[in-house]
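> Below you'll find the structure I mean.
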Amino acid sequence: MLPQRREPDLAGLAAFTLDPGGRIVSWSVTATALFGHQAHAAIGHDVCDVLMTGPGQRELVGHALAEVAAGRVWAATVAGGSLGEGRFAFRWEPLAGPGGAVLVVVQRAWPQRAPNWLSEATARIGSSLDLAETAAEVADAAVPWFGDAVAIYVIERLLAADELASPQTGPGATVRRLAARLSGQVEVGTGTALPAGEVVVLGADSLRSQAMATGKPVLSSGGQKAAAGCTSFLAMPLIARGAVVGCAVFGRAPASPAFNPGDVALADALAARAAVGIDNARLYDRERRTALALQRGLLPGQPDIPAGMEVAHAYLPVGDHVVGGDWHDIVRLPDGRAALIVGDAMGHGPEAAAVMVQLRTAAHTLAELGLPPGQVLRKLDAMAAAMDTAALDTAATDTAGTDTAGTDTMAAGTAAPFATCVYAVIDPSGGASEIVQAGHLPPVVVLPGGATEVLDLPPGLPLGLGAGFFQVTRFRLTPGATLALYTDGLVESRTRPIDDGLAALRGALSSALADPASTLDGACRTVTQLLCEHGEDDITLMLARTRR
């Protein structure tokens, strides 16, 4: 498309105006310089008799005028007719005022200034880690400056199952179209749309199959017309890190110069940058999907809460592409009590998630068996101490690929992973409740009216150190009081000491729960939103209240 008209560099632009029927009303000096026609020879004549005299161009003008009459701006890249040598980017837009006049702005699009075009394109491609946006950047760079049409494909199994292809992939591959662009001339001539996201099975003789099978460019000119309305094609394999990730197909309309071997170097530079950008976006998307799947899978299902008790919980991941070690769970016990569990495995990434999955599953199972809280933590401690961190590292890497830059992971080779945990068994009838913790931050109790107190519990050692003993504390949760369990991401960061964070948590809880009519769900949202601005880690908050 043309540069934005608000940009300062308008060199090379020409303009003229038309009436609603396509007759030239005004003709600028720059139009004379670009096309060679003097004003007296152009004004009053149909634009199809002066410039747009090539095959299909009258239909193109009719379509453009109809778009402008409907109040829309329309752009196309056109060649042939009486325009002169090369291809020209046209922009048609309505002029304000009566009469329905049309402003046409034109710039030569071909021959392009290859160094500038390519350097600008490669600098722009890959600025986003979104797969669709990256492919769209490639397509926008190619049309109209390199071709009249382009489509960007990625191998489908690479997205579905993360299976890398060999440098040369065989025929009959299934690919997904990530982006496509058609110049106005091609689009009007064919009426064909190339929707993004469409999955296509390639024939063995297609240019795309040949390019991916050989790992080399494939040129085709003068053959049968394809669906995109082009007669010259250049298919480029997209190769990143030594593997084929897809292909890009460029096309030119009959009025444009056919692709030649000299164009291959330009296309190769663009395809190389596109392949790296698309593969980076693919890897980022895989990390994000893995993290989101783990995060969703580790949230408690619909909890079975005993009568006389309310429970609410909130979890905020550190980022949409990073999974942390937080977990929480609610388990109804056979005697009408409820077990509340909040834990935090050390680090971030798939290694921490692998530890978290095992500990959360074991904790839930042990709680359902009705084992005493101290015994539950002893068994979790023994389980964590027996874990092979190196094996977890390997398994997690095989599952989720390379770690996202900037995330913390457990150090490979440590004897066992560490995790903190707090485990509470609440009796909603007002009887004695029990709580025990393993290196975790102390719970906070919010009394009716908003006063808060921190439970003074033996801290215990983190799970995985083989402590073998965890002291259980008995307490009573009075009717209307709320127990708050949380992870350190809620109260600690590099810029906020833990004491300050704990004070902020007590203040936020007091304010959110001072009103007896306040809901626990609302309090969870309020408190996490207030404290998450300093968050550099996953945040988990669980609130449990006995009814009056």
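The values are calculated or read from the model by the stated rules, or taken from the named source; none is laboratory data. These numbers come from a predicted model, not from an experiment. Because the Cβ atoms are built from the backbone with ideal geometry, glycine has one as well, and the counts that use them run over all protein chains shown. Only protein heavy atoms, including side chains, enter the accessible area calculation; ligands, DNA and RNA are left aside. Shrake-Rupley method; radii C 1.70, N 1.55, O 1.52, S 1.80 Å.
> Can you list the strands (runs of 3 or more DSSP E) lying wholly within segment 414-484 that have 1 or more residues being in contact (Cβ under 8 Å) with a residue 24 or more places away in the chain, under 27 Å from Pro497 (Cα atoms) and among the aliphatic types (A, V, I, L, M)?
Output list reads 419-426, 433-438, 444-446, 452-454.
> State all residues of segment 15-38 that are free of Cβ contacts under 8 Å to residues at least 40 places away in the same chain, assigned to a loop (DSSP other than H, G, I, E, B), more than 21 Å from Gly80 (Cβ to Cβ) and open to solvent by less than 60 Å² (accessible area, probe 1.4 Å); if no residue qualifies, say none.
Selection gives Ser28 alone.
Residue-wise test of (1) assigned to a helix (DSSP H, G or I); (2) without any contact (Cβ under 8 Å) to a residue 40 or more places away in the chain.
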residue: Asp499; (1), (2): yes, yes
residue: Leu505; (1), (2): yes, no
residue: Ser511; (1), (2): yes, no
residue: Asp515; (1), (2): no, yes
residue: Ser518; (1), (2): no, yes
residue: Asp521; (1), (2): yes, no
residue: Thr528; (1), (2): yes, no
residue: Thr540; (1), (2): no, no
residue: Arg545; (1), (2): no, no
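> Is there a residue being among the hydroxyl-bearing types (Ser, Thr, Tyr) and either farther than 28 Å from Ala307 by Cα or open to solvent by less than 30 Å² (accessible area, probe 1.4 Å) (or both) anywhere in segment 433-454?
Checking segment 433-454: at least one residue is among the hydroxyl-bearing types (Ser, Thr, Tyr) and either farther than 28 Å from Ala307 by Cα or open to solvent by less than 30 Å² (accessible area, probe 1.4 Å) (or both).
> Identify, please: which residue in segment 19-74 is of a type in the set (Gly, Ala, Ser) and closer than 20 Å to Pro254 by Cβ and is, among those, nearest to the chain's Cα centre (by Cα)?
Ala64
> Looking at Val78, Val50, Val68, can you tell me which residue is within 14 Å of Ile24 (Cα to Cα) and open to solvent by less than 40 Å² (accessible area, probe 1.4 Å)?
Every option except Val50 fails the conditions.
> How many residues are modelled with pLDDT of 90 or more and not aromatic (Phe, Trp, Tyr) if we restrict to segment 466-475?
Selection size over segment 466-475: 4.
> In segment 227-278, what residues are within 12 Å of Lys216 (Cα to Cα), outside any strand (DSSP E or B), open to solvent by less than 10 Å² (accessible area, probe 1.4 Å) and without any contact (Cβ under 8 Å) to a residue 60 or more places away in the chain?
Answer for segment 227-278, where residues must be within 12 Å of Lys216 (Cα to Cα), outside any strand (DSSP E or B), open to solvent by less than 10 Å² (accessible area, probe 1.4 Å) and without any contact (Cβ under 8 Å) to a residue 60 or more places away in the chain: just Ala271.
> Now a separate question. Find the residue count for segment 39-97, including only residues that are farther than 23 Å from Ala258 by Cβ, among the small types (Gly, Ala, Ser) and in a loop (DSSP other than H, G, I, E, B).
5
> Would you point out which residue out of Ala484, Ala504 is open to solvent by less than 20 Å² (accessible area, probe 1.4 Å) and within 37 Å of the chain's Cα centre (by Cα)?
Ala484
> Could I ask something else about it? Please go through segment 404-432 and pick out each residue that is under 28 Å from Tyr284 (Cα atoms), open to solvent by less than 30 Å² (accessible area, probe 1.4 Å), modelled with pLDDT under 90 and in contact with a Pro (Cβ under 8 Å, 6 or more places away or on another chain).
Met410, the sole residue that qualifies.
> Hey, another quick one. Criterion first (β-branched (Val, Ile, Thr) and open to solvent by less than 20 Å² (accessible area, probe 1.4 Å)) does Thr473 satisfy it?
Against the criterion (β-branched (Val, Ile, Thr) and open to solvent by less than 20 Å² (accessible area, probe 1.4 Å)), Thr473 does not qualify.
So that you can scan it fast, the table gives a plain yes or no per residue for (1) touching a Leu at 6+ places or on another chain (Cβ under 9 Å); (2) open to solvent by 50 Å² or more (accessible area, probe 1.4 Å); (3) at pLDDT 95 or above; (4) under 19 Å from Val342 (Cα atoms):
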| site | (1), (2), (3), (4) |
| --- | --- |
| Leu457 | no, no, no, yes |
| Pro462 | no, no, no, yes |
| Gly489 | yes, no, no, yes |
| Arg494 | no, yes, no, no |
| Ile498 | yes, yes, no, yes |
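> While we're here: Quick one: which of Gly86, Gly100 is closer than 26 Å to Ala269 by Cβ, loosely packed, with under 15 Cβ neighbours inside 10 Å, touching a residue at least 12 places away in the same chain (Cβ under 8 Å) and of a type outside the set (Val, Ile, Thr)?
Gly86
Residue-by-condition table, conditions (1) closer than 12 Å to Cys421 by Cβ; (2) hydroxyl-bearing (Ser, Thr, Tyr); (3) at pLDDT 85 or above; (4) buried (at least 16 other Cβ atoms within 10 Å of the Cβ):
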{"residue": "Pro317", "(1), (2), (3), (4)": "no, no, no, yes"}
{"residue": "His348", "(1), (2), (3), (4)": "no, no, no, yes"}
{"residue": "Ala354", "(1), (2), (3), (4)": "no, no, no, yes"}
{"residue": "Ala363", "(1), (2), (3), (4)": "yes, no, yes, yes"}
{"residue": "Val376", "(1), (2), (3), (4)": "yes, no, yes, yes"}
{"residue": "Thr389", "(1), (2), (3), (4)": "no, yes, no, yes"}
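> Can you tell me which condition Val527 does not meet? The list is (1) open to solvent by less than 40 Å² (accessible area, probe 1.4 Å); (2) over 24 Å from Ile426 (Cα atoms); (3) touching a strand residue (DSSP E or B) at 6+ places or on another chain (Cβ under 8 Å), and all the others hold.
(2)
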